[in-house]
Amino acid sequence: MANYDEALVPAYELPDPLICLDGTPVTSAEAWRERRRGEIHQLFEEHVYGAMPGAYPDMHFDVFEEGHALDGRAVRRQVAIRFGKDGPQMDLLVFLPTDQRGPVPLFMGLNSQGNHSIHDDPAIRLSAGWMSGENRGVVNNRSTEATRGAGHSHWPVEEIVARGYGLATVYCGDLDPDFDDGYANGVHPLFYRPGQTRPGDGEWGTIGAWAWGLSRALDYCEHDAEIDHRRVAVMGHSRRGKTALWAGACDERFAMAISNESGCGGAALSRRCYGETVERINRMFPHWFCNNFRQYNEMEAKLPVDQHMLIALVAPRPVYVASAVDDRWSDPRGEFLGAVHADPVYRLLCGDGLPSETMPPIDESCMGRIGYHVRSGDHDVTNLDWRYYLDFADRHIGTLHKVDS
């Protein structure tokens with residue numbers, strides 16, 4: 001049974017993000033940058049997400065469709081990002097506002113039902129890859145026209161564009177299908193060594209593949225003159241929220257990271273053993289993380305890292321963590337505490353972090369360099385969530401011409 005009782009949360013001691021492995025305190029931004037940050041990143045690679053490769057050397061961008069959208073308020077662009085001549089590809093869907101001068105800032109995230117699901121625009125190519133049969137309108141694990149616009153509520157395209165931002169999204173299944181297939185049907189085989197048939201124990205799982213794909217989408221943004229690639233915010237919900245944080249931690253080109261109810265393996269502290277635990281997530285989704293993560297099933301206290309340190313890896317770039325009151329599986333308090341315990345790193349690097357150590361009232365946001373809110377309702381992405389993300393972006397990247405370093 002999952003624990004939903006705060007009184008049953010075990011006593012725990014978190015690893016200090018500002019103490020090096022040899023016990024040396026981190027007292028300067030230079031020490032963080034040159035030593036401690038790399039230590040923490042390597043620990044997450046080895047013990048949680050697995051090490052992922054760099055960009056595939058034979059990668060091509062093919063803009064296969066472009067047109068006006070949203071009654072002329074946006075340009076719609078669809079790009080096939082190809083990995084090798086006969087390798088897999090991912091489709092990138094981009095909406096850009098037409099009333100902005102110069103390159104625009106952008107929200108980027110993975111979707112779970114295909115690019116065509118985020119809007120009912122008939123010009124969006126129907127995703128052809130494997131789909132979960134749990135999605136309405138999916139037949140024999142393939143999309144049908146009935147799935148067009150099915151996920152629109154998670155992606156308020158009109159509002160994002162009206163606020164002056166672009167939106168870019170990729171179907172996560174283009175990179176790796178979300179089931180335990182032995183890593184045979186996604187991008188992993190691109191990097192197998194001769195005789196290798198699956199990643200090693202410390203190599204990337206599915207979340208690593210998804211994060212890698214977000215970086216490849218950012219590679220495209222660097223080639224699109226209408227996108228300000230220095231002002232791209234990576235955003236994700238649930239398992240894709242875990243991915244957004246890992247992508248933001250690994251790729252410092254992302255200007256901002258947003259975690260929407262990412263829970264265990266995302267923003268929530270693993271040592272709390274509340275809601276979804278390390279054992280449960282590894283048993284239910286054995287493909288998400290590297291094999292080494294399984295040695296911490298029911299042994300969270302032995303982890304050399306915890307999720308506050310993942311949030312800290314985004315520093316000093318702004319990061320936003322969001323929860324929902326009724327989404328106890330994702331441990332709202334644990335997500336908030338992840339942000340609280342990342343705060344010292346932000347204070348050291350830029351003098352600003354999370355404004356309060358007390359959870360804000362329901363449906364209200366607190367914003368510093370770290371932002372947080374807990375929304376009424378359950379596991380979802382709503383207009384309220386997006387309103388705060390857009391406000392946070394306005395505060396940090398909407399009017400900036402370069403990312404703080």
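Key figures
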{"item": "Restricting region 389-405 to residues that are hydrophobic (A, V, I, L, M, F, W, C) and within 18 Å of the chain's Cα centre (by Cα), the residue that is modelled with the lowest pLDDT", "result": "Ile397"}
{"item": "Residue in region 179-202 that is part of a loop (DSSP other than H, G, I, E, B), over 25 Å from Met131 (Cα atoms) and among the aliphatic types (A, V, I, L, M) present", "result": "no"}
{"item": "Single match in Cys273, Cys250 (criterion: open to solvent by 20 Å² or more (accessible area, probe 1.4 Å) and within 20 Å of Tyr346 (Cβ to Cβ))", "result": "Cys250"}
{"item": "Qualifying residues in region 1-16 (those that are of a type in the set (A, V, I, L, M, F, W, C) and outside any loop (DSSP other than H, G, I, E, B)) - the one surrounded by the most Cβ atoms within 10 Å (Cβ to Cβ)", "result": "Leu8"}
{"item": "Tally of residues being out of contact with any Asp or Glu (no Cβ under 6 Å at 6 or more places or on another chain), in a loop (DSSP other than H, G, I, E, B) and under 22 Å from Cys250 (Cβ atoms) across region 17-39", "result": "4"}
{"item": "Residue list for region 274-298, restricted to those being without any contact (Cβ under 8 Å) to a residue 40 or more places away in the chain, in contact with a helix residue (DSSP H, G or I) (Cβ under 6 Å, 6 or more places away or on another chain) and hydrophobic (A, V, I, L, M, F, W, C)", "result": "Val278"}
{"item": "One residue from Gly368, Gly351, Gly334 being out of contact with any Asp or Glu (no Cβ under 7 Å at 6 or more places or on another chain), of a type outside the set (A, V, I, L, M), surrounded by fewer than 22 Cβ atoms within 10 Å (Cβ to Cβ) and within 26 Å of Ile19 (Cα to Cα)", "result": "Gly351"}
{"item": "Residue that is more than 26 Å from Asp326 (Cα to Cα), among the small types (Gly, Ala, Ser) and surrounded by fewer than 24 Cβ atoms within 10 Å (Cβ to Cβ), where the choices are Ala233, Ala301", "result": "Ala301"}
{"item": "Number of the exception - Ser356 against (1) open to solvent by 30 Å² or more (accessible area, probe 1.4 Å); (2) not in a loop (DSSP other than H, G, I, E, B)", "result": "(2)"}
{"item": "Contacts under 9 angstrom Cβ, first residue in region 299-312 being farther than 12 Å from Gly338 by Cα, partner basic (Lys, Arg), 6 or more apart", "result": "Glu300/Arg271; Glu300/Arg272; Ala301/Arg271; Leu303/Arg271"}
{"item": "Residue check, Ala150 assigned to a loop (DSSP other than H, G, I, E, B), in contact with an Asp or Glu (Cβ under 8 Å, 6 or more places away or on another chain) and open to solvent by less than 70 Å² (accessible area, probe 1.4 Å)", "result": "no"}
{"item": "Hits in region 17-43 (condition: among the β-branched types (Val, Ile, Thr) and open to solvent by 40 Å² or more (accessible area, probe 1.4 Å))", "result": "Ile19, Thr24, Thr27"}
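Yes or no, residue by residue, for (1) touching a Lys or Arg at 6+ places or on another chain (Cβ under 7 Å); (2) open to solvent by less than 10 Å² (accessible area, probe 1.4 Å):
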position	(1), (2)
Gly182	yes, no
Pro189	no, no
Tyr192	no, no
Thr206	no, yes
Ala209	no, yes
Ala217	no, yes
Asp224	no, no
Ile227	no, yes
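Here is a yes/no grid of residues against (1) surrounded by fewer than 20 Cβ atoms within 10 Å (Cβ to Cβ); (2) touching a Gly at 6+ places or on another chain (Cβ under 7 Å):
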residue	(1), (2)
Asn291	yes, no
Arg294	yes, no
Ile311	no, yes
Ala322	no, no
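The values are calculated or read from the model by the stated rules, or taken from the named source; none is laboratory data. Not measured: the values here are computed from a predicted model. Cβ: placed from backbone, ideal geometry, glycine included. Neighbour counts: every protein chain shown. Ligands, DNA and RNA are stripped out before the accessible areas are found, and what is left, the full protein with its side chains, is counted by its heavy atoms. Shrake-Rupley method; radii C 1.70, N 1.55, O 1.52, S 1.80 Å.
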